[in-house]
């Protein structure tokens, strides 16, 4: 990813004031496998057929690394978890008052079904603010974190997302962790724009084809406090 981080660093300073020592956390994870590695026909399947098997495939994807970002003593703090300490991740998610993530409800939590009891996951889901879902309700678009990072913070991925599972399997643990860290930072940036009602740029696509860009002003303050 780009080393241009000044805008996100400024956002971290703002969030450190707003969320300091709160139990609001940002969450993301990476997996050891891709959909297409578990189902070779995945890329040629229709959307409705993918939906029928998506959850079952997610349970087989295996967590490589999961990460939390929160603000403590006026600065960002990161915690990382692997398969060996998923129980600690579960405890952190259950303790949080609000969990913020991008596509948690349609991906990350489905992956965690292989590790965390359904009852616990339901509690976790009930206090989740899924930025991808909330954005789509307003924009009618599914905006990736990568696109939002490029458009709003001048930070884009230099590693193809599809390469991350193999990198983990090849033992490139530090590189995957760094990749996850920047995703957490981007997530915090997107959340801050929604919290402070700043215009957030997003791509407009028609069946996957880029047709333009727009801006949206979101208001997530009440969703955090309620």
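Quick look at the numbers
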| quantity | calculated |
| --- | --- |
| Residue order, fewest to most beta carbons within 10 Å, for 220, 47 | 47, 220 |
| Proxy reagent accessibility, fewest Cβ within 10 Å first, across 14, 92 | 14, 92 |
| Rounded, prolate or oblate (a/c below 1.5 giving rounded, otherwise prolate when a/b exceeds b/c) for segment 96-226 by Cα gyration tensor | oblate |
| Segments 62-70, 123-131, 82-90 sorted - mean Cβ within 10 Å per residue, highest first | 62-70, 123-131, 82-90 |
| DSSP beta bridges in segment 6-225 [antiparallel fraction, %, rounded to 5] | 80 percent |
| For segment 175-226: rounded, prolate or oblate by the Cα gyration tensor [a/c cutoff 1.5] | oblate |
| Identified option (computed mean projected area of the Cα convex hull in nm²; candidates [x] 15.2; [y] 13.8; [z] 12.2) | [z] |
| Estimated 222 nm signal from helices in the chain, with DSSP H stretches of n ≥ 4 weighted -39500 (n - 2.57), rounded to 500 | -14000 deg cm²/dmol |
| Order of 12, 102 under a 10 Å beta carbon neighbour criterion, fewest first | 12, 102 |
| Label point distance in nm, residue 47-residue 87, each placed 7 Å from Cα along Cα→Cβ | 4.1 nm |
| Overall form of segment 48-153 per C-alpha gyration tensor (a/c, 1.5; a/b vs b/c) | oblate |
| Segment 5-103: proportion of alpha-carbon pairs further apart than 20 angstrom, % | 52 percent |
| Gain upon complete extension [residue 73, residue 201; 0.36 nm per residue less C-alpha separation] | 43.0 nm |
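Taken together, the values in this text are just the output of simple stated rules run on the coordinates, not laboratory data. All values derive from a computational prediction rather than experimental measurement. Cβ coordinates were reconstructed from backbone atoms using ideal geometry, including for glycine residues, and neighbour counts include every protein chain displayed.
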